[in-house]
Structure formats: structure tokens, C-alpha cells
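Heads up: the structure comes next, in C-alpha cells.
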Amino acid sequence: MTLLEISGLEVRYGRNVAVKSVDLTVADRQIVTVLGANGAGKSSLLRAIQGVVPARAGTIRFDGRDITTSDVPSRVRSGLVLVPEGRQIFVSLTVQDNLLMGAYTRHDADVTRDVEAIYTRFPNLAMRRDKLAGVLSGGEQQMLAIGRALLAKPRLMMLDEPSLGLSPLFVQRMFDLIGDLNRDGLAILLVEQNTSMALQIAERATLLELGSVLISGPSAEVGRSEMLTQAYLGAH
Amino acid sequence: MILILQQIVNGVMLGAVYVTVALAFNLTIGILNFLNFTIPPLFMVTAMFAWAVAEHGLPFGLTGPLNWALALGVGIVLTILISLVVERLTFRYMKARYGDATEHAIPLVSSLGFLLILENLVRIAYGTEPHRFATPFQDLNIRVGGLIVSLPQLLSLFLALAIVFGLSRMLATTKTGRALRSIAENPDASLLMGVDVSRIVPVVFVLSGLLCGVAGAIFAVNYGQVYSGMGNEIGNKAIAGMVLGGLGSIWGAIAGGVIVGVIEAMSVHLFGGDTVQAIVWGLLLVALIVRPQGLFGHNAIGKGKL
Ligand SMILES: Nc1ncnc2c1ncn2[C@@H]1O[C@H](COP(=O)(O)OP(=O)(O)OP(=O)(O)O)[C@@H](O)[C@H]1O
Ligand SMILES: [Mg+2]
């Protein structure tokens, strides 16, 4: 079943077109990766799907509903979350408050239990729950950003370069975590600089160049394509 | 010696008004990174409107003269409503229309416009001279070992502290408080959490309007008189108190407000009333050279993005 379906999406900043007529689908429980060189429009694509920047053209459907013009809070409530580039955790809030912010749109009684579940998954966070999030290491901050996003009870999690700035050990743990979350039923839309690992974990891949889709298909196919190296070298 | 102690007591009492107004400034600066110049006139409007309805009743002949306490309540409600109008017309409108491009200059300037308009409207209506605001317990004092403590002032001080305490609990423990703190640091990330920023910003204006209103009421009761220039005079020293205490810090607002109150009372006692502003601001400048972030401030304030 299709969870996210995008067609003809366009994003502009003033006269600068960052995303041009992009089509993309993510099925329920699927991992899809979006690749591309710096400035290809990957972050802009994710931000438009979340509603942080408006779609200038095209439609976004999530879970069978047209959300093209919905505001960010209602997209979060419907199960769509973005873990942004650079983590963006609240360094002046405690670890606990950061997690609670992730549950901001929820009003059910299970929040406390779910926060504990995050601590069980990330014991490093549990030890520092009352510390300011600013004291966490880069890897821990990324765990916090993901834990925070999980507390919204998402069905699709978008991750924008989660391995950026992490040590090789933490990069591996990050990809393991993504695999675990996916096995638990979470669909994932992953933007990564680490092309080979992203292609390994994802079922399908979409390659962007200057805002347009260059190639899209099963990861193995995209991985073999010559366009992949071309897109990163910018050679045409 | 007893005279000096008496001045300190008076100064602390005076500080209660400064603390409350300083806190109103602090909220909008700390959370929205917006120096809201409408705060001093809002403080004044509460007191002047309360006086007017206590004297003449509600406009359009709705009621006759109101009891002093009811009049203050009406004044506070009006102040909160004006604060929301200010939010709409300065902050929200300008942000929505011009986004980040204008930085903070336009909301700042338009709030300055509100200051002048409100103050001059009140001046046109009621003149610049002081008006008497009568309450039954103007002259109730208690004596503590030779010191005279005015009862209304003492109650005001407790009221101010209770409000500050309540506000800090609210910010620390409630969901809305958490959202406000997150907006103060990173409104973009707050939005990603599903915080409807445009719906929560008015909360800040309601709170700061409430603080201005309470401060105006405290002033009217304690000093028994109100005048159109009171906003300027008090707002000035509240800003000094806020800066001294540290921008964005609740406890800083308390310390700064009380310290300014005591300095003021001492200056009046030792050197006369004309020296107050020069001494308060002179000491403030010295304090800032030594400790630019204020007593309780941290450096991040003023760098927010909203
Ligand atoms: N806020 C903005 N204002 C103006 N232009 C922007 C803005 N954000 C991105 N752009 C432009 O849009 C284009 C796409 O940027 P985007 O950040 O989406 O790329 P990206 O693929 O995520 O790059 P990176 O790998 O460096 O993160 C770039 O040309 C960029 O300069
Ligand atoms: Mg990016």
C-alpha cells in the first residue's frame, strides 16, 4: 500500500527553483532513499513534504489524504515526521523535555510509557535525562533527535543526513537503528551522503540533480547506474 | 541607620512594580527576541483606565462609577486585549508579511509607534496631571521595630513574587511552558514538533499584558495616584532592572527590579529626586562593563531566530 505519494512537486526560493516536478512514492513499511550532490534539492524536498516550505506546484498525498496545503502540526499528527539536517535538538532544554517536545501533538495517556521505551532503547539518554541536551555528544544528539521524532508515533520518518558528522562506529549504529525501526513497521525516507550504505538499506532509490529526478528505481539498479557517479561528479 | 533601613524597605517595595514590568519585557525578549516598547504604555493604560472607570464609569454610559477593585480588574482586562491587538499589528502582521528579512527592526519600530499613540491618546483624554486613585487602605501601615511598612505595598510585593513564581513554574513544568522555551531557542525546530507557533505567540502577549496590568494595579493602589507619564518613568527603570538582572532570566528580573528600586530609594534619600535616573543608569553602565550578560543572564539571548 502506498503511504506517501508525491507528483509534480516544485519548490522555489524566490526565483531559484530547488525542486522541479519530482515524483516519488514510499510504500507502507518501506525504506526509500533520496540521493544527490550538495544543493541537489534533497533537503528542500523533505521540507516541502513536511510542509515547512510550501509546494509551488504538484500534490502530496499521505495515507490516502491530500496534504499539499496542510500545516506542519496536522502533518505531524497524521504520522509524518522529519528529523532535520543538523539534528536541531533543543540544547537549552533537558533531554527529557526534548523527548516530551516530540510528543507535543499527542494527548493520550501513553506518552510517559513511550518516553520510558525510548530510554530503554537508548540507555545513554536515560543516564542524562535531566541534563541539558547541549552536553550530549554528536552521536547521542542524533539518537535524541530520532527518539524525539519517534515520540510523535510516526508512520513515516524522514531523515535528512542522519550520519552527518558521526564517527564510523556511530554511522553503523545509525544504520542498524534505521533497520530496526523499519522492522518494527516504520516507513523511512532517507537522505544520505553515505551513498553505499543508503543503497544497501533502502529498497528503492531516487537520484536528484539540480532539483530534478535523474533516475529512480530499485536500489540495486540505481547503484549500478552510471548516472550515480555522474550526478556526484557533476560531469555532463 | 534606621533611616537607611527604611529606604531599603521602601526601595524593595518600589522594586515590586519594577520586577513585574521587567518580567513583562523579559518574556517577550526571552521568548520572541522582541523588545516590546508597548509594555510601558500598557502599564500606564491599566492604571489610567482603572482611574477613569472608577471616576466616571464604563464608556458609553454602560455603568456608573465603579468600585476601585472592579475598576482595576477592568483595567487589566483591557490591557490584555490591547496587548493582543499589538501582537496582531506589530509582531504577527509584520512577521507574516516580511518574514525574516526585516530582522527585528519593523516590529520594534511599530511597537514604538504604539507607545507614542497610546500615551498621547491618554494625554488627550485625561491630560498630563496626576489623578488621585482612592482605595480604602491607602494609609494602612505596620511597624516592625521602628520601620514603617505599608501594608498594601507589602501585599503587592507578595503578589508580584507569587506571579513570578507561578510564571516560572508554568514555564518549567507545563506543556505550553515547554513549547515556549523551545520557541525561544529554535522556532523552526518547534514547528517540526508540531507547535503551532502563530497560536502560541499570543500566549506570550497575554502573559506580558497580564504582568503590565498587575504592575499598573499595584502602582495605583500603592501610590494612590496615576498619570499619563507613569509608563515612561517606570518602564525606563524596569528596563534597567531587566538588563541588570540579565535578559531573558526570570530570577534576573526579580533581582534587577529590586536592586533598581533600592538604588532609587537611596538616591532620593541621599542626593534628591533629580539624581535618580543618572545614578540608576550610571550604575547600570558600570555593571554592564563588568558583567555584560547581567547578573543571571546567559549569552544566547538576543540571538534567537523568530
Ligand atoms: N532557505 C533558502 N533560501 C534560498 N535558497 C535556498 C534555501 N535553501 C536551499 N536553497 C537553495 O536550494 C537549492 C537546494 O538546496 P537543498 O538544501 O535542498 O539541497 P541539498 O540537496 O539538501 O544539499 P546538501 O547536500 O548540501 O544538504 C540550493 O541551490 C540552495 O542554494
Ligand atoms: Mg540538505
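Each reported figure results from applying straightforward, stated rules to the coordinates on display, with no laboratory input. Bear in mind the structure is a predicted one, so any value in this text is a computation, not a measurement. When we count neighbours, we look across all protein chains shown, and the Cβ atoms used for this are built from the backbone with ideal geometry, even at glycine.
What FRET efficiency would be calculated for the residue pair A:Glu85, B:Thr174, taking the C-beta separation as r and a Förster radius of 25 Å, to the nearest 0.05? Kindly include the intermediate steps, with their values, before the conclusion.
Working: r = 30 Å, r/R0 = 1.21.
That gives a FRET efficiency of 0.25.
Could you compute Rg(Cα) / (2.2 N^0.38 Å) for segment B:2-290, with N its residue count? Mind dumping the intermediate values first?
Numbers: Rg = 19.1 Å, N = 289, 2.2 N^0.38 = 18.9 Å.
Ratio of Rg to 2.2 N^0.38 Å for segment B:2-290: 1.01.
Considering only the other residues whose Cβ falls under 15 Å of the Cβ of B:Glu233, what net charge follows from Lys and Arg at +1 and Asp and Glu at -1? Spell out each step's value before the answer.
Details: positive: B:Arg123, B:Lys237; negative: B:Glu119, B:Glu129, B:Glu264, B:Asp274.
Neighbourhood net charge equals -2.
What are the equivalent ellipsoid semi-axes of chain A, built from the alpha-carbon gyration tensor (square roots of five times its eigenvalues), in whole angstrom, biggest first? Write down the numbers at each step before the final one.
Values: eigenvalues 166, 83, 52 Å².
Working from the Cα gyration tensor, I get semi-axes of 29, 20, 16 Å.
Among bridges DSSP assigns within the protein assembly as shown, what percent are antiparallel (round to 5)? Walk me through the numbers on the way to the answer.
Numbers: 28 of 45 bridges.
Antiparallel: roughly 60 percent of the beta bridges in the protein assembly as shown.
Select from chain B the helices, each a whole stretch of DSSP H, whose alpha-carbon atoms run 20 Å or more along the helix axis and whose Kyte-Doolittle mean is at least 1.6; answer none if there are none. Show your work: numbers first, answer last.
Details: long enough: B:2-32 (44 Å, 1.89); B:39-56 (25 Å, 1.21); B:68-86 (27 Å, 2.62); B:105-126 (32 Å, 1.58); B:151-173 (32 Å, 1.73); B:197-223 (39 Å, 1.84); B:230-245 (22 Å, 0.53); B:250-271 (31 Å, 1.76); B:276-290 (21 Å, 2.65).
Going by DSSP H runs, the hits are B:2-32, B:68-86, B:151-173, B:197-223, B:250-271, B:276-290.
Give the shape of segment A:92-153 as rounded, prolate or oblate, defined through the alpha-carbon gyration tensor: a ≥ b ≥ c are the square roots of its eigenvalues, a/c under 1.5 means rounded, and otherwise the shape is prolate if a/b is larger than b/c and oblate if not.
Working: a/c = 1.83, a/b = 1.60, b/c = 1.14.
In terms of gyration-tensor shape, prolate.
Could you list the residues of segment B:55-89 with an amide nitrogen less than 15 Å from a label point located 7 Å from the Cα of B:Ala134 in the Cα-to-C-beta direction?
Under 15 Å, as judged by backbone N against the label point of B:Ala134, lie B:55-57, B:65-69 of segment B:55-89.
Please list, ordered by chain and number, the residues whose modelled amide H lies under 5 Å from the amide H of A:Ala57; skip anything fewer than 5 residues away on the same chain.
Placed amide hydrogens put A:Glu10 under 5 Å from A:Ala57.
When the chain is fully extended, how far beyond the present Cα-Cα distance does A:Ser137 get from A:Leu210, taking 0.36 nm per residue of separation? Before the final figure, lay out each step's value.
Values: separation 73, 0.36 × 73 = 26.28 nm, distance 3.35 nm.
That pair, A:Ser137 and A:Leu210, stretches by 22.9 nm at full extension.
Between B:Val206 and B:Arg123, what is the label-to-label distance in nm when each label sits 7 Å out along the Cα-to-Cβ direction?
Distance between the two pseudo-spin positions: 3.4 nm.
Quick check: Cα centre of segment B:1-77 to Cα centre of segment A:171-236, how many Å?
About 60 Å separates the Cα centre of segment B:1-77 from the one of segment A:171-236.
Does segment A:40-117 come out rounded, prolate or oblate, given a ≥ b ≥ c as the square roots of the eigenvalues of its C-alpha gyration tensor, rounded meaning a/c under 1.5 and, failing that, prolate meaning a/b above b/c? All intermediate terms of the calculation are to be shown ahead of the outcome.
On the way: a/c = 2.96, a/b = 1.54, b/c = 1.92.
Judged from the Cα gyration tensor, segment A:40-117 comes out oblate (a/c at least 1.5, b/c at or above a/b).
Percent of Cα-Cα pairs per 5 Å bin, from 0 to the last occupied bin, for segment A:1-136, please list those.
Pair shares across the bins are 2, 9, 16, 18, 17, 15, 12, 9, 3, 0.
Can you give the net charge of the other residues whose Cβ lies under 9 Å from the Cβ of A:Ser7, counting K and R as +1 and D and E as -1?
Working: positive: A:Arg61; negative: A:Glu5, A:Asp23.
After counting each charged neighbour, the total is -1.
Neighbouring Cβ atoms within 10 Å as the yardstick, rank A:Ser74, A:Ser219 fewest first. Mind dumping the intermediate values first?
Working: A:Ser74 15, A:Ser219 19.
Ranked by crowding around the Cβ, least crowded first: A:Ser74, A:Ser219.
Where does the charge balance sit around B:Val19 when Lys and Arg score +1, Asp and Glu -1, over other residues with C-beta under 15 Å from its C-beta?
Numbers: positive: B:Lys237; negative: B:Glu264.
With Lys, Arg at +1 and Asp, Glu at -1, the neighbours total 0.
Which three lengths, in whole Å and largest first, does the protein assembly as shown cover when its Cα atoms are put on their principal axes?
Principal extents (Cα only, largest first): 89, 50, 45 Å.
Using only alpha carbon pairs under 8 Å that are at least six residues apart, calculate the relative contact order of chain B and give it in whole percent. Walk me through the intermediate numbers first.
Values: 506 pairs, mean separation 111.5, N = 306.
Over chain B, the number comes to 36 percent.
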